[in-house]
Every structure is written in C-alpha cells, then in structure tokens.
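Worksheet: the structure to be examined is printed underneath.
Read-outs throughout are calculated quantities, based only on the coordinates presented, and are distinct from any laboratory measurement. Bear in mind the structure is a predicted one, so any value in this text is a computation, not a measurement. Cβ placement follows ideal geometry from the backbone for every residue including glycine, while neighbour counts extend to all protein chains displayed.
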Amino acid sequence: YERGLFLYVLLQSLMLALALAGTIRFLARREKKASHVMLSLLLGSYVLAPVYSNVASTPLKDVPFVAVFIWYVIMFAEIYQDRSRLKEVKFSVLFVLVQVLVCLLRNNGFYVVFFTGIVLSLLWWKGADRKQRACQVAVLFLAPVLLSKLINTGMIAGKRYKFCK
C-alpha cells in the first residue's frame, strides 16, 4: 500500500507542478507578456506558499482534477486569443483529451466543458465558414462530451459485468 500511495502522490505532485509551470509559460508567451518581476513573484508564490506543497502531497482525488482543469483554462485562453489554434491537429487532439479528463475526473467538470463549448461555438458561429463551424463544434463540444460519456458508460458497464475488478 505504501508504494502505491507513494506513486500516486508522486504522480499528482508532478501533474500539479506541470500545470503551475504551464501558467507561468502561458503568461510569458502571450502577446502582452507579463513582466519578469510578475513571473518571479508568481513562481515564488508557487514555491514558497505551503498550500501548493500541502495539496500536492495529500492523496486527494481533486488534485489531478485541479491540474487538468488548469490546463483546460490555459488551452481555452489560447483558443480564445487565437482561434487558429483549433486548426492545429496536435493542439486540437490534446485539447479534446484535456476536456475528456476534466469530464471524467469530476462529475461537475462535464458541465464546465459542455457549457463553455456551447457558448464559444455560438460566439464564433457568425464569423466562420461551414468547415470552420464543424471543426469548432467538434473540438469544443461534440468530441469531448461524447468521448467522456462513452468512456464513463464503458467503465460502468465493465464494473457491472465484472470485466473490471
């Protein structure tokens, strides 16, 4: 049990550290970049504030969700700033994967992805041609919602029929 707990805490600590580092990277790469002083203060707060190390070292189910949700917000902000990111296949696949994880790691994560996908698709509906609309709706709404529901249903069916013990 101790080895499993150690690996779980190590994995979730790594996930949270990568997500927090992603916030600094995002702020440093924006068009209107954050100053080095601001980035240093943010890094200092991540390193010195005990709340981050306490959360990362506590075996809670919410830590992986928080890490994935931070990545969702970062990627969502990138898409909002530059809609052409949806045309990049690698980015779109990664974004769908992050959305599916947001849906699977917490029940209310589904509603976040569901409603933000609908709202963003509707906001961009007028300014896009038919192909762009289909891509936007697929990446922002349909693919993550359907994939998460299929995976969740498969896990429930596997548990019911004792495929997964």
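With only alpha-carbon pairs counted, each pair once and no self-pairs, how large is the Kirkwood hydrodynamic radius of the chain in angstroms? Numbers along the way, then the final one.
On the way: mean 1/r = 0.0566 Å⁻¹.
About 17.7 Å, per the Kirkwood formula over Cα pairs.
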Most mobile listed residue (LYS87, LYS149, LYS32) in the chain, GNM with C-alpha springs under 10 Å
LYS32
For the chain, calculated [θ]222 nm from helices alone, where every DSSP H run of n ≥ 4 adds -39500 (n - 2.57)
-25500 deg cm²/dmol
Looking at the chain, do any whole DSSP H helices span at least 30 angstrom along their long axis by alpha carbon and average -0.5 or above on Kyte-Doolittle, and which?
2-29
For ILE118 and TYR1, compute 0.36 nm times the residue count separating them, minus their Cα-Cα distance, and round to one decimal in nm.
37.8 nm
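How about the stretch 1-33: which chymotrypsin sites (Phe, Trp or Tyr not before Pro) there lie in a loop by DSSP and see at most 10 other Cβ atoms within 10 Å?
In loop regions of the stretch 1-33 (DSSP not H, G, I, E or B), the sparsely surrounded chymotrypsin sites (Phe, Trp or Tyr not before Pro) are TYR1.
If I take R0 = 41 Å and measure r between the Cβ atoms of VAL47 and GLU88 in this structure, what FRET efficiency does the formula 1/(1 + (r/R0)^6) give, to the nearest 0.05?
The computed FRET efficiency comes out at 0.80.
What translational D, rounded to a whole number of µm²/s, comes out for the stretch 34-124 from Stokes-Einstein when the hydrodynamic radius is the Kirkwood one over Cα pairs, at 37 °C and 0.692 mPa s?
Numbers: Rh = 14.9 Å.
Rounded to a whole number, D works out at 220 µm²/s.
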Inter-label distance for LEU18 and LYS126, nm, one decimal - labels placed 7 Å from Cα along Cα-to-Cβ
4.0
Using a Gaussian network model of the chain with C-alpha springs under 10 Å, which one of ARG85, ARG106, ARG29 is most mobile by mean-square fluctuation?
ARG29
Roughly speaking, what is the stretch gain from VAL9 to ARG30, that is 0.36 nm per residue apart minus the C-alpha to C-alpha distance, in nm to one decimal?
4.4 nm
